[in-house]
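The values are calculated or read from the model by the stated rules, or taken from the named source; none is laboratory data. What you see is a predicted model; the values in this text were computed from it and never measured. Neighbour counts are summed over all protein chains in view; Cβ atoms, including those assigned to glycine, are modelled from backbone coordinates with ideal geometry. Just so you know, the surface numbers come from the protein's heavy atoms only, side chains and all, with ligands and any DNA or RNA stripped out. Shrake-Rupley method; radii C 1.70, N 1.55, O 1.52, S 1.80 Å.
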Amino acid sequence: MKVAEEPKVGVYVCHCGVNIASVVNVKAVVEYASTLPNVEVAKDYPFMCSDPGQNIVIEDIKSKGLNRIVVASCSPRMHEPTFRKALERAGLNPYLLEMANIREHCSWVHEKQPQEATEKAKDLVAAAVAKARMLKPLETIKMPAVKRALVIGGGVAGIRAALDIANSGFEVYLVETRPSIGGNMARLDKTFPTLDCSQCILTPMMVEVAQHPNIKLLTYSEVKSIDGSVGNFTVKILKKPRYVKEDVCTGCGVCEQKCPYTVPSEFNLGLGKRKVIYFEFPQAVPLKPVLDRENCVYFKKGTCRACEKFCPTKAIDYTQQPQEITVDVGAIILATGYGLYDVKSKMPEYRYGLSKNVITGLELERLTSATGPTKGHILRPGDKKEPKDVAIILCVGSRDEKHLDYCCRFGCVAGIKHAYYIVSHIPDARVTICYTDIRAFGKGYEDFYARIRSLDNVQFIRGRPMEVFEDSNGSLYFDVFDQNTNRLIRLNPDLVVLETGVVPDPSFEQIATVLKCSRGPDGFALELHPKLRPTETSVDGVFLAGVVQGPKDIPDTVAQAGAAAASAIALLSRGEVESVPNVASVNQELCSGCGVCEPICPYTAIVLEARNGGRVAKVEATKCKGCGACAAACPSGAMTQLGFEDKQIIPQLEVLAKGR
Amino acid sequence: MQTYAQTDILDAVRGVIGDHRPEACYQCMKCTSGCPAAKVSEYKPHMMVILTKAGLAEEVMKSGIIWACSMCLKCKEYCPQDVAPFDVVTALKNVAISKGYRPPEMLVGMSNNVLDYGCIMDKPMTITTTDFEEVSRKSLGLPDIVHPKDMEQFKKTVARFGFRRLS
C-alpha cells in the first residue's frame, strides 16, 4: 500500500436518489471540484454507496492511480465504513478517505435554499479535498478479546441473555443486586395475553441459570467499576455478605422459621412481612437465605442468634465480610430493568400512599399471587376485605408532559389483565377501566382485549380522572367524563388500581456513568440506532436487553435479550476486536511531561511514564476513543490525533474560513 | 354536512396563548373530569379545545359557554399535554371581544365597575354562605377589600393594558 508523493484526488458526489440532488446542483459541484488542486477526476452518481457506485471508485483508483478519495454524500456515520472497504478492495489504505457531508449538513437543512445549498456543498467539498491531500495511511488496531461476558441484571432479560451466551459455549457472569434472580417478572401472577402463570414459565429458566456450568451467578452483588474497552473490560463487583455460607447451606429454611423478627417485605412491595433472615420468595435462585444486617437483633444488640442455634448444617456466619471480585470480560450486556414512577410524591392527586385502598398494578400482582402476602386471595389493603367495585386508571404518570412523556407500553394490557384478576377471583365484583387509548398492539393482545371487553362486569370508560377523593368515612370516589357516552360519571370504588409509568431502574444511573453510555432525555439507555441497531450502545461491546433501553413487554424484552446475546456471541467468537486508528499519539521527543493531558482524558487512556529522569505521556491506544481533547490541550504540540493532525485540519479550516 | 376548516380564530388563539397549544391535545378528558363548570355546560373543556383545533371555535364563542369558566386553573395544573383549556378559553374570550361578541350582562357590569371603582363591585362586598346567608367580610374575620387610593392613576394604568369600557 504505497502512497505516491504527489496526491491524486478523486471526488465522488452522490445524488442520494433525490435526497441531495433535489436541492443541491450536483453537476455544478462536480464541475467545481474538478478545478480544485490535485483533483484528477470528479464524478457524480445517483447512489455512490451501491455496488456500481463503489465500483466506479475502485476502477478509478486502479486505472487512474488515485491515492486520495473524497466522497460527498451522507454523514460518515452512515457510509464511512462502506467506502473504507471500497478503498481496501482497490488496494488503497482505507484511511486515505475523506467524506463531505452534503446531505445532513446541506440538502436536508437548506431544503428551501437550493442556490446557497449548492454553494455550501462546494465549500464542504473544497475543505474535504484540502484535508484529503494531507491524509496519511493508518493501520487498523487489532487486539485479542476476552472470551467471556458479563450480564448486569438478573430479570428475565438478563436470564435469557446469560443462557443464550452460556449455551453457545462462553462463560458468563450474571450479576444481580437482589438476593434472588427473577426481577419484576417473578412478582407477576400471570402474564398477558395467554395468562400463563408467570413464575411457572420463569422458574425453569432460573433453575437452568443456577445449574449451568458456564454461568457464574453473583446475586446480592453490585457492579462497582468498569474499566477498559471492547474485548477487554475489567469489572469490579462487590458481593455483599449474606451471613450464610452458601456452600454449606442446604436451603432448608429452618433459620427463616425460627427467626423471631419481621419487617416489611421488599419483594411484596411492603404489603406483607418477611423475617429478618429470609428467602425473597419460595422459588428464589439461589435458594440461600439472606440475613438483613440492618434489622438483625444480634447485630444491633448482640443477643438472639436463633438462626445460628437452629441451623442444622452450621451455615450461619456472622463474620462474613463484603467481598470484591474482579473479572475480565470481552462484552457486557445491560439488563437493569425498571422501577415504577414515584406517584406517591409526584402525583398526590390520585391519593396513592394517602389512602390504603389506592394501589399500583404491581401491588395487585402481589395481592393476586399465591406466593404473595394474601396467599392469592385478593383482599384490599385497607381492611383485608374483598373489593367489590374496582376502578383501574391507566396512563398514571405516562404520556404526560409534566411527568413521563412516553408510553409505558404494557399498562393498557396489564390493566385489562388486572380486570381479569378481579372478576375471576371475585365473580360478583365490578371493574371499571378508565382509559385514554387502549394500545393492545402485541400478538394476541387484541383478542385478549376483546375477551375482557365482552364481560358484563367489566366497564370501559374513555376518560381520565383528574383527582381521587376520600370522604370522611374513608370511602373513595371520583368523577370521570366518559367520552363514549358523553356523560360525567361518579365512581365509588372500594379499590383503585393505578397503572403507573415506568422509569429506568435507579441502579442504571451509576452504571451508565461508569460506562459513559449515552442516555436519552427520558433516562433510558440510548441505542445506537432506533431501528437498525436497537441492542447496541455508543460504547463498543456494551449491549442492551429489555427495559433498560425503553419500556417494553415480556415478549419484546426476551426477543431483545436474545438479540443482545447474539451480538455479544458474535464479538466473543471473533476473539479479536478491531478499532479505528483515529487515536491520540504522542511524539515523546517533544513531550515536556507537563501532564496537562492526563486529567483531561475522559477515558483514562493517558498515563505518564518515567523517561530519562523526567516523565512523558503515553497513550493506551485501546482505551482512546479519539475525542481529541488531549491534542487540543497539549501546549508543546507533542500530542496529535491520528487522522485529525494539525497539518490536516488547518488546511481544511482555512478553506472554510477564507472562502473561495 | 359540516366540514373542518382552518380559521383565523385558531391563529388568533395561538397568538394569545404561546406554548399551550391546542393541537397537542389527545382528548384524555382529564380536564373535563375535574372541571367544576363542566357539570353545567354543554361544551366541555376538552370539546372547546378540540373544536378550536378543528376550526369550529366560532360555535363555542356563539354558545357563550366560554364565560362560564370559573378560572380555577385545575385544567392547567393537571393537563398531561400542557394544553391548558383555561388558556384556550381565555384566548377565545379575547377573540370574542375583538370580534364584537358581548359577554353576559353581569360580566359587562363587573367589568365596567372595575373601570369606575377599581373593584368588581362599588360597595364593600358581602359573602354568601353555603346556607345562602349574606354576611359581612368582617364577621368572617376577612380583611376589607381596598379600593385604589388614586382612581385617576388607576384608570390611566388599566387603559395602558387596553382595558376598555364595554357598552
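Quick rundown of the values:
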item	result
A:R148 vs. criteria touching an Asp or Glu at 6+ places or on another chain (Cβ under 7 Å) and within 30 Å of A:A568 (Cβ to Cβ)	yes
In region A:376-402, the residues that are more than 21 Å from A:G474 (Cβ to Cβ) and in a strand (DSSP E or B)	A:L394, A:C395, A:V396
Flag for A:T432 being in contact (Cβ under 8 Å) with a residue 12 or more places away in the chain, within 14 Å of another protein chain (Cβ to nearest Cβ), surrounded by 19 or more Cβ atoms within 10 Å (Cβ to Cβ) and over 35 Å from the mean Cα position of the chain (by Cα)	yes
Single residue of region B:28-48 satisfying the filter (facing another protein chain (nearest Cβ under 7 Å) and free of Cβ contacts under 8 Å to residues at least 24 places away in the same chain) that is surrounded by the fewest Cβ atoms within 10 Å (Cβ to Cβ)	B:K39
Within region A:605-660, considering residues that are charged (D, E, K, R), free of Cβ contacts under 8 Å to residues at least 24 places away in the same chain and not in a loop (DSSP other than H, G, I, E, B), the one most open to solvent (accessible area, probe 1.4 Å)	A:K658
Residues located in region A:590-603, provided they are open to solvent by 80 Å² or more (accessible area, probe 1.4 Å) and farther than 14 Å from A:P635 by Cα	A:P599
Positions within region A:381-429 being of a type in the set (G, A, S) and open to solvent by 50 Å² or more (accessible area, probe 1.4 Å), in sequence order	A:S424
Flag for B:A84 being away from chain A (no Cβ under 14 Å) and surrounded by 13 or more Cβ atoms within 10 Å (Cβ to Cβ)	no
Selected residue (only one of A:S573, A:S567 is over 17 Å from A:M143 (Cα atoms) and in a helix (DSSP H, G or I))	A:S567
Matching option when the condition is in contact with a Leu (Cβ under 6 Å, 6 or more places away or on another chain) and either more than 30 Å from A:E401 (Cβ to Cβ) or open to solvent by less than 60 Å² (accessible area, probe 1.4 Å) (or both), among B:R102, B:R165, B:R137	B:R165
When residues of region A:139-176 are limited to those that are hydroxyl-bearing (S, T, Y) and surrounded by fewer than 19 Cβ atoms within 10 Å (Cβ to Cβ), the one nearest to A:T622 (Cα to Cα)	A:T140
Filter result for the condition that a residue is modelled with pLDDT of 95 or more and of a type outside the set (G, A, S), over A:P506, A:P493	A:P493
Which numbered condition B:D82 fails, given (1) in contact with an Asp or Glu (Cβ under 6 Å, 6 or more places away or on another chain); (2) modelled with pLDDT of 90 or more	(2)
Output for region A:505-537, where each listed residue is of a type outside the set (D, E, K, R) and closer than 18 Å to A:L150 by Cβ	A:S507, A:F508, A:Q510, A:I511, A:A512, A:T513, A:V514, A:L515, A:C517, A:A525, A:T535, A:T537
Flag for A:A563 being under 30 Å from A:V413 (Cα atoms) and open to solvent by less than 50 Å² (accessible area, probe 1.4 Å)	yes
Conditions (1) within 30 Å of A:I393 (Cα to Cα); (2) at pLDDT below 90; number of the one not met by B:L51	(2)
Total residues in region B:22-48, condition at pLDDT below 85, out of contact with any Ser or Thr (no Cβ under 8 Å at 6 or more places or on another chain) and under 21 Å from B:K99 (Cβ atoms)	1
Count - residues of region A:355-400 that are on the phi > 0 side of the Ramachandran plot and within 14 Å of another protein chain (Cβ to nearest Cβ)	3
